[in-house]
1. Every residue in region 247-257 that is near the ligand (Cβ under 7 Å from one of its atoms), touching a residue at least 40 places away in the same chain (Cβ under 8 Å) and surrounded by 18 or more Cβ atoms within 10 Å (Cβ to Cβ), please.
2. Just need a number here: residues in region 262-271 that are part of a helix (DSSP H, G or I), in contact with an Asp or Glu (Cβ under 9 Å, 6 or more places away or on another chain) and within 14 Å of the ligand (Cβ to nearest atom).
3. All but one of (1) surrounded by 13 or more Cβ atoms within 10 Å (Cβ to Cβ); (2) within 13 Å of the ligand (Cβ to nearest atom); (3) not in a loop (DSSP other than H, G, I, E, B) hold for ALA187; state the number of the condition that does not hold.
4. Could you please let me know if VAL119 is within 15 Å of the chain's Cα centre (by Cα) and under 19 Å from GLU84 (Cβ atoms)?
5. Keeping to region 174-184, report how many residues are part of a helix (DSSP H, G or I) and either among the charged types (D, E, K, R) or touching a Leu at 6+ places or on another chain (Cβ under 6 Å) (or both).
6. Can you name the number of the only condition in (1) near the ligand (Cβ under 8 Å from one of its atoms); (2) free of Cβ contacts under 8 Å to residues at least 40 places away in the same chain that GLU211 fails?
7. Could you check region 12-40 and list, in sequence order, the residues that are more than 23 Å from VAL83 (Cα to Cα) and part of a loop (DSSP other than H, G, I, E, B)?
Amino acid sequence: MSLFRQTLLFLSQRKELEEFFKHNPLAQQARSRFVAGDTRAEALEVTRKLNAEGFSVTLDYLGEEVIDPDQAREASEEYAGAVEEAAAAGLNTGISVKLSHLGVRIDEQLAFSNLMNVVERAARVDRFVRVDMEGSDLTDVTLKLVSRVRQSTPNIGTVIQSYLRRSDADIASLNREKIPVRLVKGAYLEPEEIAFQNEEEVVLYYMRLTEALIHSGTRPAFATHDTKLIEFVIDLADIFGLKKTDFEFQMLYGISNELQKNLIADGYRVRVYLPYGDDWYGYFMRRLAERPANLWFLLRHWKK
Ligand code: FDA
């Protein structure tokens with residue numbers, strides 16, 4: 001992992017810088033590329049447009065690392081309310097949640113109840129809940145709570161990161177439990193002992209994990225903008241006789257728009273991950289870290 005990326009991921013955890021960025025007009029403008037807006041209404045409006053273009057959506061109410069139980073309950077209500085309102089409006093969207101937003105740093109049981117609230121209310125309107133994967137200190141608890149919820153409600157899945165060396169074992173147990181997986185490379189700062197640092201290794205492991213998922217029968221989601229991985233998934237799905245509807249691609253709002261449209265035109269399913277809300281700093285910094293050009297663009301315009 002480059003020093004540049006490490007620095008930005010480190011800064012993404014610094015509260016001091018958060019205040020500076022959040023009040024900077026240029027950063028606010030730049031974030032609009034990646035975020036639908038501050039409000040649920042804005043997110044539903046963008047969802048409507050994406051649906052009309054053939055995309056399904058997963059909404060993400062931005063927020064993480066909550067340490068106040070009321071804020072965690074408020075997040076749970078917002079996630080559940082958003083999915084209910086979207087379903088009532090006939091929109092094709094599920095929801096992605098973060099356990100650190102639902103209070104797992106405060107208390108595991110609190111996060112479980114908050115997650116259950118979202119999953120049960122989403123189930124009533126036939127919608128799917130994806131639990132995002134955060135830093136590796138939350139991997140075990142995320143898998144544990146997802147598995148616990150899955151015992152009573154099937155409309156839940158989670159995310160596996162191909163930079164983590166443990167991921168093939170995790171996929172094997174998720175496959176046994178028939179829990180749908182979204183496969184990503186991984187967006188956090190992780191030490192060498194547990195995570196590949198070299199991009200080639202992350203890509204090779206992603207390919208190996210793709211093979212494990214393609215046979216899972218759980219409609220896996222391949223979340224990447226990396227064209228060589230997308231081609232690999234398409235070829236492998238073809239070799240094993242999967243239909244285009246047996247899996248989906250997922251991409252982030254505002255990234256690789258042409259690629260997203262081309263896949264839809266070729267008959268593949270593409271789901272757009274659509275964040276909204278005013279707590280956008282951590283998400284925004286992870287997007288900057290993924291691509292140096294994003295930061296250079298910001299700095300170039302900063303001077304003017
Ligand atoms: P890579 O970073 O190699 O990008 C390939 C190409 O995509 C780049 O060359 C560039 O053209 C474009 N691109 C990628 N990122 C860009 C950016 N920020 N700005 C502009 N262009 C960009 N991670 C995690 O740890 N937990 C999670 O739950 C999730 N959830 C998630 C959902 C979805 C739908 C996606 C697409 C991604 C995630 N991620 C995630 C993030 C993931 O781990 C990873 O950091 C990003 O997807 C970037 O990796 P790529 O696979 O796209 O490859």
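1. Within region 247-257, GLN250, LEU252 meet the criteria.
2. 0
3. Going through (1) surrounded by 13 or more Cβ atoms within 10 Å (Cβ to Cβ); (2) within 13 Å of the ligand (Cβ to nearest atom); (3) not in a loop (DSSP other than H, G, I, E, B) one by one, ALA187 breaks only (3).
4. Spelling it out, it is not the case that VAL119 is within 15 Å of the chain's Cα centre (by Cα) and under 19 Å from GLU84 (Cβ atoms).
5. Residues in region 174-184 being part of a helix (DSSP H, G or I) and either among the charged types (D, E, K, R) or touching a Leu at 6+ places or on another chain (Cβ under 6 Å) (or both): 1 in total.
6. Only one criterion in (1) near the ligand (Cβ under 8 Å from one of its atoms); (2) free of Cβ contacts under 8 Å to residues at least 40 places away in the same chain is unmet by GLU211, namely (1).
7. Result: SER12, GLN13, ARG14, HIS23, ASN24.
Table: residues versus (1) of a type in the set (S, T, N, Q); (2) within 15 Å of the ligand (Cβ to nearest atom); (3) in contact with a helix residue (DSSP H, G or I) (Cβ under 6 Å, 6 or more places away or on another chain); (4) outside any helix (DSSP H, G or I).
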position	(1), (2), (3), (4)
ASP238	no, no, no, no
GLY241	no, no, no, yes
THR245	yes, no, no, no
GLN260	yes, yes, no, no
TYR273	no, yes, no, yes
LEU288	no, yes, yes, no
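The values are calculated or read from the model by the stated rules, or taken from the named source; none is laboratory data. Being a predicted model, the structure only gives us computed values, none of them experimental. All Cβ positions, glycine included, derive from the backbone under ideal geometry; neighbour counts span all protein chains shown.
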